[in-house]
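The values are calculated or read from the model by the stated rules, or taken from the named source; none is laboratory data. The shown structure was predicted, so the numbers you read here are calculated from the model rather than taken from an experiment. Heads up, the Cβs are rebuilt from the backbone with ideal geometry, glycines too, and the neighbour counts pull from every protein chain shown. Side chains included, ligands, DNA and RNA excluded: accessible areas come from the protein's heavy atoms. Shrake-Rupley method; radii C 1.70, N 1.55, O 1.52, S 1.80 Å.
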Amino acid sequence: MGERLALSGNEAAAYAMKQINPDVVAAYPITPQTEMMHAFAQYVADGEVDTEMVNVESEHSAMSACIGSAASGARTMTATSANGFALMWEVVYIAASSRLPICMALVNRALSGPINIHCDHSDSMGGRDAGWIQFYCENAQEAYDLFALSPKIAEHPDVQLPVMVCYDGFIISHTVEMVDSLTDAQVQKFIGPYQPRIDLLDYKNPFTFGPLDFHDYYFEHKRQQVEAMEHAHKVIPQVFAEFEKLSKRKYSFFEGYQLEDAEIVLLVLGSTAGTAKVAVDELRSQGKKVGLLKLTVFRPFPVKKLQQALSGRRAVAVLDRCASFGGFGGPVFSELRSALFGLSDAPLIRGYIYGLGGRDMGIALIRQAAEETLETAKKGQPTEEIGYLGVRE
Amino acid sequence: MKPRGWKELPIGGIIPEAGNAEEYETGSWRTYKPIFDQEKCIHCLLCWVFCPDSSIIVKDGKVVGIDYDHCKGCGICAHECPPKASAITMKLESECLAEEKGNK
């Protein structure tokens, strides 16, 4: 086993990146990701990695360089946040559709405007249909673990998709926690040597990369991307199981907390899960049958597993740290509601928007959501389907 | 070429075979069709040099015709053909089609 280290989320992700020792990292600084690339750049400067670090002039260039690198047979990683991710946008889709297994730390931050540097999920949620696998972390340990194992999923021959490991800006990225690490050798052995599917530098086997793809073939390539996500449904649990053997830390599509006999369930992503566990304990001590479902994997969305886990519950509250303007609730609410629709024993469901722009999400607000959801269960219908936690009226 | 389904295609939109643009027939894009008059041709090969789609068919150093499966009808060949020869003229594709129908 590796050491137990005191690391911020950013340092933990940078440490995982160091242990992966990618061939190429191309990145541009943006708060709150900057500290992570700062830490990694130090490993490069100190000669602790063999990585070719490309200091580009923008995030659009960062992802473009990553695409060129990954298409040339190099294990490639990057990191960004919010507006940086937005500037990458065009090429984020191209990375996925070119089926390049790039791994990226996405340090969640509210998208402008008004300009804000604190946490919400508006950045990564906007990218949910870009074709990337998305993990959401509760703490620095998960940021370390999920980033360290991400290349093994991304590079799996049946998957070949980029992976985004999302962790909450400042709340996780800048908070120092104890992190159990693996040794460099363990990480190297776990991910194995990179075996690229394509290599533009292999001049003996030339191919055309990124050609025009019209109405006659574009649809087929998109269908392949759908299938790759189907494969990811199978590969992700396999890799998680292998990782558990190595680290004794268990991951799955979602984690249940006091879930087994819960009548109402709170569904959250990211660091709020930690706070919600405390809130659930409090409610349990009052005899209220409240449970928590922490969604770790949002893409691919584990529809069947969620249906199984939530069928027969009386009510579910989905807490979204992202608004979908003009939509029906936040993105996770709307997908979960769709997943549960039509089930004979589907729970009642209500959505909450919370924590935008780093608005604090305390135990009291989570308790409020749980109490209202218990009321929903009692009445047999929600008083309002979409609520807001912590906004001033 | 029969269009392939998603299960048969290489992933990521790559094209592993070299030079397969030939399989993609672009002749139907034409509005104007180059009509080649063998009698007038002086075989200077300027049309062959300038054709962006390699659609001038040359045999033993002589122009013998136009590859209508790939010619997009840009008219560069007719433009480059020396005025004293004027061996290539552009004609509306619709007129050509109407004439073909009339001949049948």
Checklist outcome for this item: The set of residues whose placed amide H lies less than 5 Å from the amide H of A:Ala79, leaving out same-chain residues fewer than 5 positions away, is A:Tyr28, A:Ala105
Checklist entry - In Å², what does the accessible area per residue of region B:37-103 work out to with a 1.4 Å probe? => result 65 Å²
Checklist outcome for this item: Shielding of B:11-23 by other chains, given as the mean Cβ count within 10 Å, works out to 6
Next on the checklist: Amide H of B:Ile57 versus every other amide H placed in the peptide plane: which residues, excluding those fewer than 5 positions away on the same chain, fall under 5 Å?
Outcome noted: B:Val64, B:Gly65, B:Ile66, B:Asp67
Item to check | Estimated vicinal HN-Hα couplings, Hz - region A:359-375 in sequence order (Karplus 6.51, -1.76, 1.60; Gly, Pro = x) | outcome: 4, 4, 10, x, 4, 4, 5, 5, 4, 4, 4, 5, 4, 5, 6, 4, 5
Checklist entry - In whole Å, what is the distance between the alpha-carbon centres of region A:119-167 and region A:61-93? => result 14 Å
Next on the checklist: Using each residue's phi in region A:5-16, evaluate 6.51 cos²θ - 1.76 cosθ + 1.60 at θ = phi - 60° and report the 3J(HN,Hα) Karplus result to the nearest Hz, with x for Gly and Pro.
Outcome noted: 10, 8, 9, 6, x, 5, 5, 5, 5, 5, 5, 4
Item to check | Pairs beyond 25 Å (Cα-Cα), from A:Lys248/A:Lys277; A:Lys245/B:Lys7; B:Lys59/B:Lys101 | outcome: A:Lys245/B:Lys7; B:Lys59/B:Lys101
Checklist entry - Share of antiparallel DSSP beta bridges in chain A, in percent to the nearest 5? => result 20 percent
Checklist entry - So which aspartates and glutamates can A:Lys222 reach, going by Cα to Cα under 18 Å and dropping same-chain residues fewer than 8 places off? => result A:Glu90, A:Asp129, A:Asp158, A:Asp213, A:Glu230, B:Glu8
Item to check | Summed residue charge, Cβ within 9 Å of A:Thr80's Cβ, Lys/Arg positive, Asp/Glu negative | outcome: -2
Next on the checklist: Whole-Hz ³J(HN,Hα) for each residue in region B:61-70, computed from phi via Karplus 6.51 cos²θ - 1.76 cosθ + 1.60 with θ = phi - 60°, x for glycine and proline: what do you get?
Outcome noted: x, 10, 6, 10, x, 10, 7, 6, 6, 10
Next on the checklist: Counting just the Cα atoms, what span does the protein assembly as shown cover along each of its three principal axes? Round to the nearest Å and put the largest first.
Outcome noted: 101, 58, 42
Next on the checklist: Leaving out ligands, DNA and RNA, and with a 1.4 Å probe, what % of the accessible surface on the protein assembly as shown is carbon or sulfur?
Outcome noted: 53 percent
Item to check | Cross-link pairs A:Lys250/A:Lys305; B:Lys72/B:Lys104; A:Lys189/A:Lys304 - those with Cα-Cα distance over 21 Å | outcome: B:Lys72/B:Lys104; A:Lys189/A:Lys304
Next on the checklist: Pairs of alpha-carbon atoms within less than 8 angstrom and 6+ residues apart define the contacts here; what relative contact order does chain B have, in percent?
Outcome noted: 32 percent
Checklist outcome for this item: Env charge @ A:Leu161, Cβ radius under 12 Å, K,R +1 / D,E -1, value -1
Checklist entry - Scattering from the C-alpha atoms of region A:1-114 alone, worked out with Debye: what is log10 I(q)/I(0) at q = 0.10, 0.20, 0.22 1/Å? => result -0.27, -1.05, -1.23
Next on the checklist: If you wrap a convex hull around the alpha carbons of region A:254-389, what volume per residue comes out, as a whole number of Å³?
Outcome noted: 99 Å³
Next on the checklist: Sequence gap at least 6, Cα distance under 8 Å: using those rules, report the relative contact order of chain A to the nearest whole percent.
Outcome noted: 16 percent
Item to check | Net charge over other residues, Cβ less than 14 angstrom from the Cβ of B:Glu25 (K, R count +1; D, E count -1) | outcome: -3
Item to check | Rg/Rh (Cα only; Kirkwood hydrodynamic radius) as it applies to region A:267-312 | outcome: 1.03
Checklist entry - Of A:Gly127, A:Gly380, A:Gly329, which is the most mobile in a GNM of chain A whose springs link Cα atoms less than 10 angstrom apart? => result A:Gly380
Next on the checklist: Let's test this: bin the Cα-Cα distances of region A:210-305 at 5 Å from zero up to the farthest pair and state each bin's percent.
Outcome noted: 3, 11, 16, 15, 15, 12, 9, 7, 5, 4, 2, 1, 0
Checklist entry - Which far-off residues, 5 or more places away or on another chain, put their amide H under 5 Å from the one on A:Val54, with H placed in the peptide plane? => result A:Val25, A:Ala26, A:Ala27
Item to check | Hydrodynamic radius (Kirkwood) for region B:5-96, which is based on Cα pairs only, to one decimal in Å | outcome: 14.6 Å
Checklist entry - Most fluctuating residue of B:Gly13, B:Gly75, B:Gly27 in a GNM of chain B with Cα springs under 10 Å: which is it? => result B:Gly13
Checklist entry - Normalised by the number of residues in region A:243-382, what is the relative contact order in percent for Cα pairs under 8 Å and 6+ residues apart? => result 26 percent
